[in-house]
Amino acid sequence: MTAVAPAHVLDLACPPDDVNAVHAFLASVWDREPSVSVEDRMALELALIELASNVIEHAGGDHGVTCSLRLDIGSDVIDVALLDDGSPAVVDPSTAHLPDADALAESGRGLALVQMVLEDLRYERLDTANRWTAHRGRH
(Lines give C-alpha, C1' and ligand atoms only; values in the text may rest on other atoms or scores of the structure.)
Protein backbone atom coordinates (compact mmCIF):
# COMPACT_ATOMS: atom_id res chain seq x y z
CA MET A 1 0.00 0.00 0.00
CA THR A 2 1.32 3.42 -0.95
CA ALA A 3 1.22 6.06 1.76
CA VAL A 4 0.03 9.43 0.49
CA ALA A 5 0.79 12.75 2.13
CA PRO A 6 -1.81 15.51 2.13
CA ALA A 7 -2.40 16.92 -1.34
CA HIS A 8 -0.70 20.04 -2.60
CA VAL A 9 -3.22 22.25 -4.42
CA LEU A 10 -2.89 25.42 -6.45
CA ASP A 11 -6.00 27.31 -7.58
CA LEU A 12 -5.50 29.71 -10.48
CA ALA A 13 -7.61 32.41 -12.11
CA CYS A 14 -6.05 33.28 -15.46
CA PRO A 15 -5.67 36.17 -15.91
CA PRO A 16 -4.22 37.55 -13.73
CA ASP A 17 -2.44 34.29 -12.78
CA ASP A 18 -0.11 32.62 -15.26
CA VAL A 19 2.48 29.83 -15.38
CA ASN A 20 4.74 31.81 -13.04
CA ALA A 21 2.29 30.86 -10.28
CA VAL A 22 2.86 27.20 -11.19
CA HIS A 23 6.64 27.65 -10.93
CA ALA A 24 6.27 29.27 -7.49
CA PHE A 25 3.83 26.56 -6.38
CA LEU A 26 6.20 23.78 -7.38
CA ALA A 27 9.10 25.47 -5.59
CA SER A 28 7.02 25.51 -2.42
CA VAL A 29 6.05 21.86 -2.89
CA TRP A 30 9.70 20.83 -3.24
CA ASP A 31 10.51 22.76 -0.05
CA ARG A 32 7.85 20.74 1.81
CA GLU A 33 8.70 17.45 0.06
CA PRO A 34 12.50 17.15 0.15
CA SER A 35 12.37 13.40 -0.58
CA VAL A 36 11.22 14.02 -4.18
CA SER A 37 14.26 13.35 -6.36
CA VAL A 38 15.77 15.94 -8.69
CA GLU A 39 14.83 13.70 -11.64
CA ASP A 40 11.17 13.61 -10.56
CA ARG A 41 11.13 17.35 -9.87
CA MET A 42 12.45 18.16 -13.34
CA ALA A 43 10.00 15.81 -15.03
CA LEU A 44 7.03 17.14 -13.08
CA GLU A 45 7.99 20.75 -13.68
CA LEU A 46 8.24 20.15 -17.42
CA ALA A 47 4.91 18.31 -17.52
CA LEU A 48 2.94 20.65 -15.29
CA ILE A 49 4.19 23.82 -16.94
CA GLU A 50 3.27 22.37 -20.35
CA LEU A 51 -0.19 21.29 -19.18
CA ALA A 52 -0.91 24.58 -17.43
CA SER A 53 0.34 26.56 -20.44
CA ASN A 54 -1.93 24.59 -22.76
CA VAL A 55 -4.94 25.13 -20.52
CA ILE A 56 -4.27 28.84 -20.13
CA GLU A 57 -3.66 29.34 -23.85
CA HIS A 58 -6.30 27.08 -25.37
CA ALA A 59 -9.08 26.49 -22.85
CA GLY A 60 -9.59 30.06 -21.70
CA GLY A 61 -10.20 31.77 -25.00
CA ASP A 62 -10.98 35.47 -24.55
CA HIS A 63 -12.67 34.94 -21.17
CA GLY A 64 -9.81 33.44 -19.23
CA VAL A 65 -9.94 30.23 -17.26
CA THR A 66 -9.89 29.05 -13.67
CA CYS A 67 -8.12 25.85 -12.83
CA SER A 68 -6.96 23.75 -9.95
CA LEU A 69 -3.70 21.83 -9.97
CA ARG A 70 -3.31 18.98 -7.48
CA LEU A 71 -0.25 16.90 -6.60
CA ASP A 72 -0.55 13.83 -4.41
CA ILE A 73 2.92 12.66 -3.43
CA GLY A 74 3.03 9.05 -2.29
CA SER A 75 5.96 6.90 -1.33
CA ASP A 76 5.95 5.13 -4.73
CA VAL A 77 4.02 7.39 -7.08
CA ILE A 78 3.10 11.02 -7.65
CA ASP A 79 -0.42 11.64 -8.94
CA VAL A 80 -1.27 14.78 -10.89
CA ALA A 81 -4.69 16.28 -11.63
CA LEU A 82 -5.52 19.52 -13.42
CA LEU A 83 -9.15 20.61 -13.54
CA ASP A 84 -10.28 23.67 -15.50
CA ASP A 85 -13.53 25.37 -16.49
CA GLY A 86 -12.44 26.19 -20.02
CA SER A 87 -13.57 25.07 -23.44
CA PRO A 88 -13.40 21.34 -24.20
CA ALA A 89 -10.04 20.15 -25.45
CA VAL A 90 -9.93 19.16 -29.10
CA VAL A 91 -6.91 16.90 -28.73
CA ASP A 92 -6.54 13.28 -27.72
CA PRO A 93 -3.44 12.92 -25.54
CA SER A 94 -3.02 9.30 -26.62
CA THR A 95 -2.31 10.44 -30.19
CA ALA A 96 0.17 13.20 -29.31
CA HIS A 97 3.61 12.78 -30.85
CA LEU A 98 6.69 14.88 -31.44
CA PRO A 99 6.89 16.51 -34.87
CA ASP A 100 9.54 15.35 -37.33
CA ALA A 101 13.07 16.38 -36.45
CA ASP A 102 13.19 18.47 -39.62
CA ALA A 103 10.16 20.49 -38.61
CA LEU A 104 10.79 23.84 -36.99
CA ALA A 105 7.37 23.94 -35.35
CA GLU A 106 7.09 26.15 -32.30
CA SER A 107 4.00 24.28 -31.12
CA GLY A 108 2.61 20.78 -31.10
CA ARG A 109 5.18 19.30 -28.75
CA GLY A 110 3.60 19.93 -25.35
CA LEU A 111 1.46 16.84 -24.82
CA ALA A 112 4.06 14.59 -26.41
CA LEU A 113 6.65 15.91 -23.95
CA VAL A 114 4.24 15.40 -21.06
CA GLN A 115 3.70 11.80 -22.14
CA MET A 116 7.45 11.24 -22.21
CA VAL A 117 7.87 12.11 -18.52
CA LEU A 118 4.52 11.10 -17.00
CA GLU A 119 2.65 7.82 -17.15
CA ASP A 120 -0.92 7.35 -18.28
CA LEU A 121 -1.84 10.91 -19.31
CA ARG A 122 -5.61 11.11 -19.64
CA TYR A 123 -8.16 13.75 -20.55
CA GLU A 124 -11.86 13.70 -19.94
CA ARG A 125 -14.60 16.25 -20.31
CA LEU A 126 -16.88 16.45 -17.31
CA ASP A 127 -20.15 18.40 -17.35
CA THR A 128 -18.59 21.86 -17.50
CA ALA A 129 -14.94 21.12 -16.84
CA ASN A 130 -11.85 19.50 -18.30
CA ARG A 131 -9.87 17.01 -16.23
CA TRP A 132 -6.29 16.02 -17.02
CA THR A 133 -4.76 13.25 -14.91
CA ALA A 134 -1.46 11.39 -14.89
CA HIS A 135 1.03 9.84 -12.55
CA ARG A 136 4.71 9.22 -12.28
CA GLY A 137 6.44 6.41 -10.45
CA ARG A 138 9.05 7.87 -8.12
CA HIS A 139 12.73 7.50 -9.05
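The values are calculated or read from the model by the stated rules, or taken from the named source; none is laboratory data. Every value quoted in this text rests on a predicted model; they were computed, and no experiment measured them. Note: ideal-geometry Cβ built from the backbone for every residue, glycine included; neighbour counts use all protein chains shown. Calculation scope for accessible area: heavy atoms of the full protein, side chains included, ligands and nucleic acids excluded. Shrake-Rupley method; radii C 1.70, N 1.55, O 1.52, S 1.80 Å.
For segment 1-73, pairs of C-alpha atoms spaced more than 17 angstrom apart make up 44 percent of the total. Simple spin-label estimate for His23 and Ser75 gives 3.6 nm between the two label positions (7 Å along the Cα-to-Cβ direction from each Cα). Net charge of the neighbourhood of Ser35, taken over other residues with C-beta under 13 Å away and scored Lys/Arg +1, Asp/Glu -1, is -2. Compute the signed sum of charges (Lys and Arg +1, Asp and Glu -1) over the other residues within less than 14 Å, Cβ to Cβ, of Ala7. Combined, the nearby Lys, Arg, Asp and Glu give -2.
Packing-wise, with mean Cβ within 10 Å as the measure, how do 23-32, 68-77 rank, highest first?
The peptides rank, most packed first, as 68-77, 23-32.
Spin-label pair Thr133-Glu119: with each label point 7 Å from Cα along the Cα-Cβ axis, the two points sit 1.5 nm from one another. Computed on protein heavy atoms with a 1.4 Å probe, the accessible areas place Leu46, Leu121 in the order Leu46, Leu121, largest first.
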